[in-house]
1. In the set 81, 101, 106, 126, which member is under 14 Å from the mean Cα position of the chain (by Cα), farther than 19 Å from residue 52 by Cα and either modelled with pLDDT of 95 or more or not assigned by TED's automatic domain parsing to the domain that holds residue 52 (or both)?
2. Being crowded, with 22+ Cβ neighbours inside 10 Å and not assigned by TED's automatic domain parsing to the domain that holds residue 50 narrows it down to one of 68, 88, so name that one.
3. Output yes when any residue across the range 24-40 is within 11 Å of the chain's Cα centre (by Cα) and at pLDDT below 55, and no when none is.
Amino acid sequence: MEEPPTNPTREQQVPTTDSPLLNQSQQQTDSVQKIHRREFFTEVTGIANLYRANLYRANLYRANLYRANLYRANLHRANLYRANLHRANLYRANLYRASLYKANLYRASLYKANLYRANLYRASLYKANLCRASSSYMPLHFIKSTV
């Protein structure tokens, strides 16, 4: 009779369905899938570098983009509803038809940004740099003076 090998082979090391390692990895993936969408956007931390990013029709609802670099980013038709863009760099960003409803743009740099048909209703533009930004409905110096 042959004795069983002392070192397990590769077939024996593969976890089975009853293995605690496999069950642990399944539990981790299940917990990741159960994360609520709202929690995902509020838990994002750190300074994002989205230099020349293509965010066409992106859903950035309640996104925390504090001090984010969105230089020349394409945010065409993006949803930035209640997004935090405090001190964000939006230099030459394309915000054509973007929804910035109730977005926080405090001290954000929108220098030369394309705001044509963008929804800025109830957005916080206090101390935002709107110099040479393009708009469709009214001159931006009027918006800046009313904030």
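1. Checking each option against the conditions leaves just 81.
2. 88
3. yes
The values are calculated or read from the model by the stated rules, or taken from the named source; none is laboratory data. Keep in mind that this is a model prediction, so the values were computed, not measured. Note: ideal-geometry Cβ built from the backbone for every residue, glycine included; neighbour counts use all protein chains shown.
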